[in-house]
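Take a look at the structure set out below.
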Amino acid sequence: MKRQEILNSLQEKFSDDIIDVFDKYEKRVFIEIKKTALIPVANYIFKDLKARFNIATGTDLRYHMEILYHFTVEDLNLMISLRVKLPKDQLLEIDSLTSSFRGSDWIEREMHEMLGINFIGHPNLKRLLLSDDWPEDVHPLRCDYKEWDKKA
């Protein structure tokens, strides 16, 4: 499948779920989707388009958390990044991709721990980076983070 065929297939199959497409340049495209569409869109990219899941990144922005799920279509050297925005005035939760591909396990745990995003259906959201005595409701990569340890 060629680059434009891939983008057309995504836009046709998920037209109701795609919020915006930012076709940055030949090797990179960002597709913003509704959070409810994450599993079917990611599965389509991973299983049907045979793309490799690279990583996901989470960022605390002013009014929302943003998660980018990065996939590479190796034959075309094309990176497709799915963008999902989670408004901060709502529950910070989204479906876990671990049931689709285990490669999302640790990065979801990291985002849960560092940003406070709950990944629904994740089999094991236990600590990955922070010490056991770190408070549950303190997330060091959030904009509103305040030092909690008076000894530090």
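The values are calculated or read from the model by the stated rules, or taken from the named source; none is laboratory data. The model shown is predicted, which means the values in this text are computed figures rather than measured ones. We place every Cβ from the backbone using ideal geometry, glycine too, and count neighbours over all the protein chains shown. Accessible surface is based on the protein model in full, side chains and every heavy atom, while ligands, DNA and RNA are left aside. Shrake-Rupley method; radii C 1.70, N 1.55, O 1.52, S 1.80 Å.
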Checklist entry - Which of the residues belonging to segment 110-135 are open to solvent by 20 Å² or more (accessible area, probe 1.4 Å) and not in a loop (DSSP other than H, G, I, E, B)? => result GLU110, HIS112, MET114, ASN118, ILE120
Item to check | Pairs with Cβ under 7 Å, 6+ apart, first in segment 107-129 and in contact (Cβ under 8 Å) with a residue 40 or more places away in the chain, second among the β-branched types (Val, Ile, Thr) and open to solvent by 50 Å² or more (accessible area, probe 1.4 Å) | outcome: ILE107/ILE55
Checklist entry - Which one of these does LEU97 not meet: (1) crowded, with 19+ Cβ neighbours inside 10 Å; (2) touching a strand residue (DSSP E or B) at 6+ places or on another chain (Cβ under 6 Å)? => result (2)
Checklist entry - Among the residues of segment 38-52, is any more than 19 Å from GLN11 (Cβ to Cβ) and open to solvent by 50 Å² or more (accessible area, probe 1.4 Å)? => result yes
Item to check | Pick from segment 82-92, criterion surrounded by fewer than 18 Cβ atoms within 10 Å (Cβ to Cβ) and under 11 Å from the mean Cα position of the chain (by Cα), ranking: farthest from ARG62 (Cα to Cα) | outcome: ARG83
Checklist entry - With respect to ILE67, is the statement that it is β-branched (Val, Ile, Thr) and surrounded by 17 or more Cβ atoms within 10 Å (Cβ to Cβ) true? => result yes
Item to check | Residue in segment 95-109 that is nearest to PHE53 (Cα to Cα), counting only those that are touching a His at 6+ places or on another chain (Cβ under 9 Å) and in a helix (DSSP H, G or I) | outcome: SER104
Item to check | Candidate set: segment 10-37, residues that are assigned to a helix (DSSP H, G or I) and under 25 Å from ARG102 (Cα atoms); chosen: the one most open to solvent (accessible area, probe 1.4 Å) | outcome: LYS13
